[in-house]
Amino acid sequence: MTNALPTPSAAEAGARRFTWPGTRVLVVDDAITIRLFCRQILEKAGFEVIEAINGLEGLEQLLQGTIDLIVVDVNMQKMDGYEMLREVRRQPVLSAIPAVMMSTKSKPEDVDKAYAAGANYYLFKPIRPEPFLACVRLLTATVQ
């Protein structure tokens with residue numbers, strides 16, 4: 001079952017944008033430990049972090065305000081990361097927001113599936129702080 005969102009009007013689409021350089025990161029993961037880990041790294045580097053526990057909640061957060069980067073897990077209840085990114089890419093107002101997918105899945109077909117769903121980058125768990133932060137800075141144009 002697809003949880004498709006209504007397409008926003010042109011006025012709504014113009015009102016929701018991401019900014020460059022970006023500082024607002026949406027972290028979508030069902031594991032609180034991963035969300036807290038990402039939050040600590042990102043906030044220490046000056047980013048604002050918004051959290052969601054599944055893809056459906058992540059989509060709701062995206063439609064509520066400006067988000068500059070999505071960091072999303074693959075395996076979650078209600079809506080997994082693949083479906084969430086496919087829906088993000090279908091929505092004109094959201095489609096340009098860069099996305100990092102993270103997972104313990106490390107087979108080439110898993111990575112290919114993430115890119116096909118709309119990921120701009122794929123990180124393997126366990127996430128290491130330095131490569132994670134470098135990826136976030138690159139995709140939000142906050143490279144130092």
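Coordinate-derived values only; no laboratory data. What you see is a predicted model; the values in this text were computed from it and never measured. Reconstructed Cβ throughout: ideal geometry from the backbone, glycine too, with neighbour counts over all protein chains shown.
Table for the structure above
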{"read-out": "For segment 118-123, 3J(HN,Hα) per residue [Karplus equation, 6.51 cos²θ - 1.76 cosθ + 1.60, θ = phi - 60°, Hz, x = Gly/Pro]", "value": "x, 5, 9, 7, 10, 10"}
{"read-out": "Residue among 66, 38, 76 farthest towards the positive dipole end of segment 25-139, charges placed on Cβ", "value": "38"}
{"read-out": "Cβ-Cβ FRET estimate between residue 124 and residue 96, R0 fixed at 22 Å, reported to 0.05", "value": "0.30"}
{"read-out": "Cβ-Cβ FRET estimate between residue 89 and residue 45, R0 fixed at 25 Å, reported to 0.05", "value": "0.40"}
{"read-out": "Separation of the residue 75 and residue 134 label points, Cα + 7 Å toward Cβ, nm", "value": "2.8"}
{"read-out": "Per-residue Cβ neighbour rank within 10 angstrom, fewest leading, 79, 102, 84", "value": "79, 102, 84"}
{"read-out": "Ranking of 93, 111, 27 by count of other Cβ atoms within 10 Å, fewest first", "value": "111, 93, 27"}
{"read-out": "Qualifying trypsin sites (Lys or Arg not before Pro) in segment 33-104, DSSP loop, other Cβ atoms within 10 Å at most 16", "value": "78"}
